[in-house]
Amino acid sequence: MDKMMDSPWVLRIIALFLACLLFFSVRTELASTDKNAMTEQMEVIRDVPVEVYYDDDSLIVTGIPKTVNVTVRGPKQIALQAKLVKDFSVFVNLNDLLIGEHTVELQYENISDKLKVTLDPATVKVNIEEKVTQEFRVDPEMNNRLIDEGYYLKGMSANPATVFVTGAKSAIESISYVKATVTGEQGLRQSFSQEAAVKVLDRDLNKLDVMIEPEKVKVRVDIAEYSKELPVTIKETGKAADDITINRLTLMTNSLKLYGKKSIIDVLTSLPVEIDLSKITESKTYEFDVKLPEGATKVSEQKIKIKADVTKVEKAEEEKKETIIIPEDPNPDPVIEDDVDS
């Protein structure tokens, strides 16, 4: 055996065999690789951004989708690479088009020539319009049902009070409302401030695709307790003294503001104040408490002044008459009768 291994021919035969084995192994691998490379495969690349080239300083373009789906078909490795790397772009060039409506084809670049490319959509209808910027007043709004029953919305204001809206001329002309809506919890009783986003709507309350500067404003909401001005009336109680005649009672305040729930306050037509006549003893100004009606929370003045005009009645003293009583004589003198016959 050792002699055979020492023979140069044996070594040459072994080397030739190994070389043939390596050759056929590499050839099989290359054939397999070429076969895989030539295998055709389809890949769908979704949500590819669309770039738009136009004069965005003076024009507005509508109708271009933000993304499209790209389908590539070709050699497996190249198709997979395009899907994974996404080093291509989809675009539309509108620089040579005039203002108006157009149907344009979407284009792509940086995709291998070995791939068949399909865009979805492939063509789009675009509208090129003049860009317009206009200033609008912001109208703050809030659902009044959030306010407690005993309170009401006194007023709302936005800061800044106006915003600049930029968009296509047709969109700017269709603006009907520019609003900033504030929210809150049920049962609001106190004023507050809140940052709110600005919305631009048409007459059908559809949101318009425009740019707003600033996009948010600070809204001040003023909430006040509900009140109603009511005339004051006199409600007499008690009885004046016998020697007092009340000629006139004059209210120093004709009306007061009453606070409380709207459903209760609105049905009242006056605010009666009880005047105890027994406490009026002379002509002067008196103060009486204002009693709250049931359901009211407070009144603008807790006491009210009444000016009284009074006359005192003087009683004439009866003159005391002095009576002289003459007592009878217990021993009266006898009466002497004359003798008729004498």
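The values are calculated or read from the model by the stated rules, or taken from the named source; none is laboratory data. Since the structure is predicted, the reported quantities are computational estimates derived from the model, not experimental observations. Note: ideal-geometry Cβ built from the backbone for every residue, glycine included; neighbour counts use all protein chains shown.
A few comments on the model shown:
- Candidate set from the stretch 116-156 (those that are of a type in the set (S, T, N, Q) and part of a strand (DSSP E or B)); member that is farthest from the chain's Cα centre (by Cα): Thr118
- Checking each residue in the stretch 91-115 for being part of a strand (DSSP E or B) and polar (S, T, N, Q) picks out Asn93, Thr103, Gln107.
- Enumeration of residues in the stretch 249-293 that are of a type in the set (A, V, I, L, M) and under 28 Å from Glu314 (Cβ atoms): Leu249, Ile275, Leu277, Ile280
- Residue in the stretch 61-90 that is modelled with the highest pLDDT, counting only those that are more than 15 Å from Pro121 (Cβ to Cβ), of a type outside the set (Lys, Arg) and part of a loop (DSSP other than H, G, I, E, B): Phe88
- Residue in the stretch 130-140 that is surrounded by 13 or more Cβ atoms within 10 Å (Cβ to Cβ), at pLDDT 95 or above and closer than 30 Å to Ser263 by Cβ present: yes
- Boolean, Glu282 is among the acidic types (Asp, Glu), surrounded by fewer than 13 Cβ atoms within 10 Å (Cβ to Cβ) and in a strand (DSSP E or B): no
- Complete set of residues in the stretch 88-110 that are closer than 17 Å to Leu59 by Cα and over 44 Å from the mean Cα position of the chain (by Cα): Asp96
- Taking residues in the stretch 113-136 that are touching a residue at least 12 places away in the same chain (Cβ under 8 Å), and partners anywhere that are aromatic (Phe, Trp, Tyr), the pairs with Cβ atoms closer than 9 Å and at least 6 places apart or on different chains are Val117/Phe88; Val117/Tyr108; Leu119/Tyr108; Ile128/Tyr54; Thr133/Phe164; Gln134/Phe164; Glu135/Phe164; Phe136/Phe164.
- Evaluation of Val273 against the conditions (1) out of contact with any Phe, Trp or Tyr (no Cβ under 9 Å at 6 or more places or on another chain); (2) within 28 Å of Glu149 (Cβ to Cβ); (3) outside any loop (DSSP other than H, G, I, E, B) shows that the sole unmet condition is (1).
- Residue match in the stretch 223-235 (condition: within 30 Å of Glu149 (Cα to Cα) and polar (S, T, N, Q)): yes
- Scope the stretch 178-194; condition assigned to a strand (DSSP E or B) and either of a type in the set (S, T, N, Q) or out of contact with any Lys or Arg (no Cβ under 6 Å at 6 or more places or on another chain) (or both); matching residues: Val178, Ala180, Thr181, Leu188, Phe192, Ser193, Gln194
- Among the residues of the stretch 148-203, those that are among the hydrophobic types (A, V, I, L, M, F, W, C) and over 23 Å from Pro214 (Cα atoms) comprise Leu153, Leu188.
- Every condition in (1) touching a helix residue (DSSP H, G or I) at 6+ places or on another chain (Cβ under 9 Å); (2) on the phi < 0 side of the Ramachandran plot is met by Lys235 except one, and the failing one is (1).
- Set side by side, the residues Ser58, Ser25 differ, and just one is under 30 Å from Met211 (Cα atoms), of a type in the set (Gly, Ala, Ser), modelled with pLDDT under 95 and exposed (fewer than 12 other Cβ atoms within 10 Å of the Cβ), which is Ser58.
- Single residue of Ser227, Ser193 found to be under 16 Å from the mean Cα position of the chain (by Cα), closer than 30 Å to Ala296 by Cα and polar (S, T, N, Q): Ser193
- Among (1) among the aliphatic types (A, V, I, L, M); (2) modelled with pLDDT of 95 or more; (3) assigned to a strand (DSSP E or B) - the single one Ile175 does not satisfy: (3)
- If you filter the stretch 150-171 down to residues that are touching a Ser or Thr at 6+ places or on another chain (Cβ under 8 Å) and crowded, with 16+ Cβ neighbours inside 10 Å, you find that the one that is modelled with the lowest pLDDT is Gly150.
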